[in-house]
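The values are calculated or read from the model by the stated rules, or taken from the named source; none is laboratory data. It should be emphasised that the depicted structure is a prediction, and the values quoted were computed from it without experimental measurement. Cβ sites come from the backbone with ideal geometry, for glycine too, and all protein chains shown count toward neighbours.
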Amino acid sequence: MRAACLFGLLLWFLSLAGFCARAHAQSGTTAPEDPAAGATETIDGIAARIEDDILTESEVRELMAFQRLVDGKAKTRVEAIRELGDQWIVRGEANAAKFPLPAAEQVEQAYQQLVKQFPSPQEFERRYRAAGLAEAGIRRILREQVYLSRFLDYRFRPAAQVDDKQVAAYYQREFVPQLKARGDAIPPLEDVEDTIREVLIQRAISQGATKWLEETRGQLKLDIVDRGEGR
């Protein structure tokens, strides 16, 4: 259940702050035998300027492609850019704290959890290819998201205090009604107390991260560039 909660936080952060790794800007050159070729063909551009850094169009496209894979649809370009800006904030804090990168096993676990969201591995592959993604790119995105979500957990868990009254209230007001609605058996509170406590801790972490991002976001300069202007 611990792994499931952490992966739930990962997916939450993707929707809140966006969940893709920074892609390097790419460029290609025209064939030398073409006498009309006089310049490099730009295939990427600046999507936004944030402080002294930039967000690229390829990053925006990749995030939106991942959203289509996970959620079935992508958010708007502006929304995706703002989510990338939130990622930039969290990444900067994590790097400044020298927070360790995730182990390969953690990334693999996140990848397998994602695959399980689809009817079959074959269907998963079909859909991510249709979205314009590759397996290596998905693993890179997940590695970044595991890194960022683990940092949020590290930063906000100490303040996420949950007492027994909160656990009992969640059991009565949310847990039991949900099971009744599905027609499932209702376990006694003592059997699910630890699980409920972790759910509430994760909720508090999410609330703390949301408040912090809102405050920090207001202190940064994020200039979104029109498509034509950034090329």
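Of the residues 136, 94, which is modelled with pLDDT under 95 and either over 23 Å from residue 209 (Cα atoms) or in a helix (DSSP H, G or I) (or both)?
The unique qualifying residue is 136.
Sort through 159, 97, 134, 168 and tell me the only one that's of a type in the set (A, V, I, L, M, F, W, C) and either crowded, with 17+ Cβ neighbours inside 10 Å or free of Cβ contacts under 8 Å to residues at least 12 places away in the same chain (or both).
Result: 134 is the single residue among 159, 97, 134, 168 that is of a type in the set (A, V, I, L, M, F, W, C) and either crowded, with 17+ Cβ neighbours inside 10 Å or free of Cβ contacts under 8 Å to residues at least 12 places away in the same chain (or both).
What are the pairs, 6+ residues apart or on separate chains, where a residue within the range 107-128 that is of a type in the set (Val, Ile, Thr) and assigned to a helix (DSSP H, G or I) has its Cβ under 8 Å from a residue that is exposed (fewer than 15 other Cβ atoms within 10 Å of the Cβ) and at pLDDT 95 or above?
Partner pairs satisfying both residue conditions: 115/121.
In the range 203-224, which residue that is out of contact with any helix residue (DSSP H, G or I) (no Cβ under 9 Å at 6 or more places or on another chain) and farther than 27 Å from residue 159 by Cβ is modelled with the highest pLDDT?
223
The rows are residues; the columns are (1) more than 14 Å from residue 225 (Cβ to Cβ); (2) within 13 Å of the chain's Cα centre (by Cα).
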site	(1), (2)
53	no, no
57	no, no
62	yes, yes
65	yes, yes
71	yes, yes
78	no, no
85	no, yes
88	yes, yes
91	yes, yes
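Please enumerate the residues belonging to the range 49-66 that are crowded, with 18+ Cβ neighbours inside 10 Å and in contact (Cβ under 8 Å) with a residue 40 or more places away in the chain.
Within the range 49-66, 50, 57, 61, 62, 63, 65, 66 meet the criteria.
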